[in-house]
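Notes follow once the structure below has been shown.
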């Protein structure tokens, strides 16, 4: 097996382990933070440090490539970096409160983001230009291909859902209010983890618009991380907001399904 494809196969297998494990162990950050995960740092700092490696890794891989200004590679690069610029440098600054992030969670996320940045960047800017199949499809004509069009629509729809859901979460409380509330509005009318739903849709679009195994494995790893976490949040909300929760028939992450 080609070394790169073996590499992404291993990443996919790790995703299976993560998926199963997170149904038994809560990821200790955000709503599920726990002292058992050890020392913690400011959430804003931790989030920025764990997200920015993939942003800079992609810049390095793109800048080192001979196809960096070729279509559609430049479009792939800009779309990917738009997401991670927002997640690395805008989203942390919009966070409210003084919550913490365990150092071990930050470290694990940094490792994954380095791996994923390499996986996506190597695929787009090293591997694909060498393969005859992608030499034929990764041209200007790719922009009219249904896979690119549908994938792009999913990518930006997911991004909008994700950003809007984060906005709703940030504005659940008025200044000085310390109460907890069950999110409402947008996709929170259907699921308890609308922000995760948006991210899954976004990376499903990425997998489709790049039509790549690297993109698909990233989509799978996103599901493996976020679906069990959405399940944990759903159970937490079902207890914390028992009266309200029973009236709204909310799903975990996929409207009307799960």
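Values as computed for the structure displayed
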item: Conditions (1) out of contact with any strand residue (DSSP E or B) (no Cβ under 6 Å at 6 or more places or on another chain); (2) surrounded by 17 or more Cβ atoms within 10 Å (Cβ to Cβ); (3) in a helix (DSSP H, G or I); number of the one not met by residue 20; result: (2)
item: Residue within segment 120-141 that is over 30 Å from residue 188 (Cβ atoms) and under 17 Å from the mean Cα position of the chain (by Cα) present; result: yes
item: Single match in 110, 160, 115, 168 (criterion: surrounded by fewer than 18 Cβ atoms within 10 Å (Cβ to Cβ), farther than 25 Å from residue 70 by Cβ, assigned by TED's automatic domain parsing to the domain that holds residue 74 and modelled with pLDDT of 95 or more); result: 110
item: Residue list for segment 119-144, filter: surrounded by 16 or more Cβ atoms within 10 Å (Cβ to Cβ) and outside any helix (DSSP H, G or I); result: 138
item: Residue in segment 197-208 that is assigned to a helix (DSSP H, G or I), in contact with a strand residue (DSSP E or B) (Cβ under 9 Å, 6 or more places away or on another chain), assigned by TED's automatic domain parsing to the domain that holds residue 251 and at pLDDT 95 or above present; result: yes
item: Flag if residue 149 is out of contact with any helix residue (DSSP H, G or I) (no Cβ under 6 Å at 6 or more places or on another chain), within 19 Å of residue 254 (Cβ to Cβ), part of a helix (DSSP H, G or I) and not assigned by TED's automatic domain parsing to the domain that holds residue 43; result: no
item: Subset of segment 230-241 that is in a helix (DSSP H, G or I) and out of contact with any helix residue (DSSP H, G or I) (no Cβ under 7 Å at 6 or more places or on another chain) - its residue that is surrounded by the fewest Cβ atoms within 10 Å (Cβ to Cβ); result: 239
item: Conditions (1) modelled with pLDDT under 90; (2) under 21 Å from residue 127 (Cα atoms); number of the one not met by residue 26; result: (2)
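The values are calculated or read from the model by the stated rules, or taken from the named source; none is laboratory data. Every value quoted in this text rests on a predicted model; they were computed, and no experiment measured them. Cβ coordinates were reconstructed from backbone atoms using ideal geometry, including for glycine residues, and neighbour counts include every protein chain displayed.
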